[in-house]
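Input: a single structure, listed below in structure tokens.
The values are calculated or read from the model by the stated rules, or taken from the named source; none is laboratory data. Note that this is a predicted model, so its numbers are computed, not measured. Note: ideal-geometry Cβ built from the backbone for every residue, glycine included; neighbour counts use all protein chains shown.
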Amino acid sequence: MGDIQPATREAARPTAPHRRGAVVAALMLSMALAALDSTVVSTAVPQIVGDLGGFSVFSWLFSGYLLAVTVTLPVYGKLSDTFGRKPVLVAGAALFLLGSLLCALAWNMGALIAFRIVQGLGGGALQGTVQTLAADLYPLKERPKIQSKLSTVWAVSAVAGPGLGGVLAAYADWRWIFLVNLPIGAVALWLIVRHLHEPQRQSSPSGQNAPPRARGGSRVRATRGATRARARVDWAGALAVFACGGVLLTALVQGGVAWPWLSGPSLALFGTGLALAGLVVAIERRAAEPIIPGWVWRRRTIAAVNLALGALGLLMVAPTVFLPTYAQSVLGLEPVTAGFVLSVWTLSWPLSAALSQHVYRRIGFRDTALLGIGAATLILFAFPFLPYPGEAWQPALLMLLLGAALGLFQLPLLVGVQSTVGWSERGTTTASVLFCRQTGQTIGASVFGAVANGVLAARLGGAGDLDSVTRALASDTAPEAVRDAVASAVHAVYLGAACAAALAFLVLLCVAPRRFPVLTD
């Protein structure tokens with residue numbers, strides 16, 4: 001039935017059932033902190049700039065945090081497989097709280113940006129390890145429940161972040177945006193230290209022992225129950241991965257914004273990034289325990305899920321970044337109402353994710369994900385056909401349907417890929433999936449920003465970009481032709497997102513196995 005096949009039995013659950021509720025509460029609090037801090041600063045920028053200055057570099061408050069989270073995901077994934085989830089999560093939470101305290105004490109914009117990067121270094125541990133622990137705590141049949149809870153926490157926190165930041169900045173002080181993390185994080189940290197108890201385990205060095213075969217010839221990897229004699233960490237690989245990811249993501253984030261794409265700084269960053277990528281490959285091929293093991297891309301299931309969720313990160317840029325602009329500039333909505341148009345997918349996404357188990361138990365993980373991403377492709381293609389200027393309920397309805405489709409797509413892939421590996425590989429596998437999704441979002445922001453600005457330039461004869469045009473529309477100084485040009489630009493972005501969804505569909509259809517080689521609990 002579905003993908004579930006008899007295979008090697010996993011090690012015991014890491015925490016006794018009567019303590020699992022406390023650990024899950026800690027995971028949800030940790031996920032809320034990581035999600036809030038990716039968006040909470042946005043509405044407080046005027047107050048922060050007014051107090052600290054540094055308007056020309058304030059975008060690094062977001063970019064620095066995002067870069068630090070993304071490039072540390074593979075490192076924390078491997079460390080959690082080597083030393084266990086608990087020490088990585090405790091260290092990450094402590095680092096995140098230290099960064100929050102330092103942000104609240106920042107004396108200028110440079111210091112605040114540096115401390116936001118410290119926050120991000122801890123946030124990478126929170127994101128990756130929380131998702132991995134969720135799979136450790138629950139057997140396969142119960143994983144959709146915990147993953148849908150985490151999805152709900154992430155969605156609600158991400159949407160509520162800008163509102164909370166605005167309220168704290170307006171009625172208290174912007175420093176409270178970071179100080180409120182301390183009591184919440186302290187509770188989560190205490191629950192983890194007090195209630196999470198992991199048994200000692202052993203994992204074979206990657207690739208040394210051939211895994212046993214499940215029925216039907218699918219290869220799976222076993223885990224064993226004694227402690228590893230000596231843990232080896234590929235610190236050279238970790239540093240190389242961090243440097244390579246940081247340089248390339250900086251080039252993508254700042255290209256076309258801080259400098260033109262074909263300028264000296266952009267070419268220098270991309271050239272340095274490619275050289276560092278070669279260095280990563282050379283180091284990882286020689287390492288006994290590489291940070292990014294080759295099996296992450298050699299196994300069809302993991303490679304297909306990585307590529308498909310990378311495409312998900314790409315397509316999510318269209319609604320999350322460009323739909324609020326469309327709602328305000330084209331539909332003429334107030335910011336709060338525009339936010340509601342976007343937030344409706346936080347209702348359907350977790351609900352669809354929770355119900356997806358009833359589908360994939362019948363038709364399998366891959367076919368369920370194909371059903372979801374196929375529907376998402378059609379919905380994204382439908383957006384450019386909305387009437388101009390249209391009514392607010394029309395894009396809101398599409399977002400409601402899109403959330404339902406993506407819930408049916410993402411959660412089966414995450415649960416499925418986590419269930420194909422044992423404890424000793426789950427952290428690395430989960431981190432690779434999250435890394436690809438985050439990288440997809442970074443690439444999408446750059447690519448679709450260039451697309452939107454290109455359409456605007458073509459429609460307006462080269463006058464202005466999306467930011468300047470939307471500011472003009474907000475002040476009612478732009479003619480109707482400009483409003484129509486913004487609509488065309490956002491339509492082009494949605495067509496690009498539909499192409500990304502179609503690419504994910506093709507990857508799953510052509511690369512992913514029909515049945516995932518699932519380990520039984």
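Answer yes or no as to whether Gln147 is in contact with a helix residue (DSSP H, G or I) (Cβ under 6 Å, 6 or more places away or on another chain), closer than 20 Å to Ser432 by Cα and either in the same structural domain as Asp37 (by TED's automatic domain parsing) or part of a helix (DSSP H, G or I) (or both).
Criteria met by Gln147.
Identify the residue in the stretch 408-423 that is part of a loop (DSSP other than H, G, I, E, B) and of a type in the set (Gly, Ala, Ser) and, among all such residues, is farthest from Leu140 (Cα to Cα).
If we take residues in the stretch 408-423 being part of a loop (DSSP other than H, G, I, E, B) and of a type in the set (Gly, Ala, Ser), then Gly422 is farthest from Leu140 (Cα to Cα).
What is the number of the single condition among (1) under 20 Å from Arg426 (Cβ atoms); (2) among the aromatic types (Phe, Trp, Tyr); (3) not in a helix (DSSP H, G or I) that Trp261 does not meet?
(1)
If you check Leu323, Leu347, Leu331, which single one turns out to be outside any helix (DSSP H, G or I) and either over 18 Å from the mean Cα position of the chain (by Cα) or not assigned by TED's automatic domain parsing to the domain that holds Val518 (or both)?
None of the other options fit; the residue is Leu331.
Could you say which residue among Leu89, Leu137, Leu105 is of a type in the set (A, V, I, L, M, F, W, C) and in contact with a Pro (Cβ under 8 Å, 6 or more places away or on another chain)?
Leu137
Residue-wise test of (1) within 18 Å of the chain's Cα centre (by Cα); (2) in the same structural domain as Val486 (by TED's automatic domain parsing); (3) assigned to a helix (DSSP H, G or I); (4) surrounded by fewer than 23 Cβ atoms within 10 Å (Cβ to Cβ).
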residue	(1), (2), (3), (4)
Thr368	no, yes, yes, no
Pro389	no, yes, no, yes
Leu406	yes, yes, yes, no
Val433	yes, yes, yes, no
Ala452	no, yes, yes, no
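Filter the stretch 337-366 for residues that are touching a residue at least 60 places away in the same chain (Cβ under 8 Å) and among the β-branched types (Val, Ile, Thr); which is surrounded by the most Cβ atoms within 10 Å (Cβ to Cβ)?
Thr346
I want to confirm something. Restricting to the stretch 379-431 and keeping residues that are of a type in the set (S, T, N, Q) and touching a helix residue (DSSP H, G or I) at 6+ places or on another chain (Cβ under 8 Å), which single residue is nearest to Leu342 (Cα to Cα)?
Residue satisfying both the conditions and the ranking: Gln410.
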